[in-house]
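Okay, so here's the structure we're looking at.
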Amino acid sequence: MLTITQALVDQIVAHARQDHPDEACGVIAGPEGTDRPERFVPMLNAAMSPTFYEFDSGDLLKLYREMDDNDEEPVVVYHSHTSTEAHPSRTDISLASEPNAHYVLVSTADTDGLGDFQFRSFRIVDGEVTEEEVTVVEAY
């Protein structure tokens, strides 16, 4: 289960809407071993594509150095889908390299008639995708 603050959910959704029609992407870092997302880090989609995201390699290296210096780890890796539901694609699954991270997907398309976005979280380990419950809290 992913427990995340409303403020972080709002930041992810705002980033997805801002970058639409391209996919948005980013990371939420948290203290190592806590599974608690805290530090929102929006990233540039180097692919600048409505169907694919790619972290800029220089930005990603800088982020991992910062996390290492701060005893943090990537708790959430997020990106948006602009015209499909919020579910990992085959490409998303093949690129998932953080077995302890929650993979959050936001869809900026109304694919289910419930509004203009979906917010879902998955675990992706060795190509196996498991959807998990998301609990949104005001504070930890």
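Across the chain, the fraction of Cα-Cα pairs farther apart than 27 Å, rounded to a whole number, is 12%. Applying the criteria of a DSSP loop state and at most 10 other Cβ atoms within 10 Å to the GluC sites (Glu not before Pro) of the stretch 36-140 yields GLU133, GLU138. For the chain, the share of DSSP beta bridges that are antiparallel, to the nearest 5, is 70%.
Once Rg and the Kirkwood radius are both taken over the C-alpha atoms of the stretch 38-112, their ratio Rg/Rh works out to 0.97. Close amide H pairs (under 5 Å, H built 1.01 Å from N) link GLU38 with ALA29, GLY30, residues at least 5 positions away or on another chain. Taking all protein chains as they are arranged and a probe of 1.4 Å, the heavy atoms of PHE40 leave approximately 50 Å² accessible to solvent. Charged side chains reduced to their Cβ positions (Lys and Arg at +1, Asp and Glu at -1) give the chain a dipole of some 200 debye around its Cα centre.
The candidates SER83, SER121, arranged from most to least accessible area with a 1.4 Å probe in the full protein assembly, appear as SER83, SER121. Scanning residues 5 or more positions from CYS25 or on other chains, those with amide H under 5 Å from its amide H are MET43, ASN45, with H placed 1.01 Å from N in the peptide plane.
The values are calculated or read from the model by the stated rules, or taken from the named source; none is laboratory data. Note that this is a predicted model, so its numbers are computed, not measured. Positions of Cβ are generated from backbone atoms using ideal geometry, with glycine treated the same way; all protein chains shown enter the neighbour counts. Accessible surface is based on the protein model in full, side chains and every heavy atom, while ligands, DNA and RNA are left aside. Shrake-Rupley method; radii C 1.70, N 1.55, O 1.52, S 1.80 Å.
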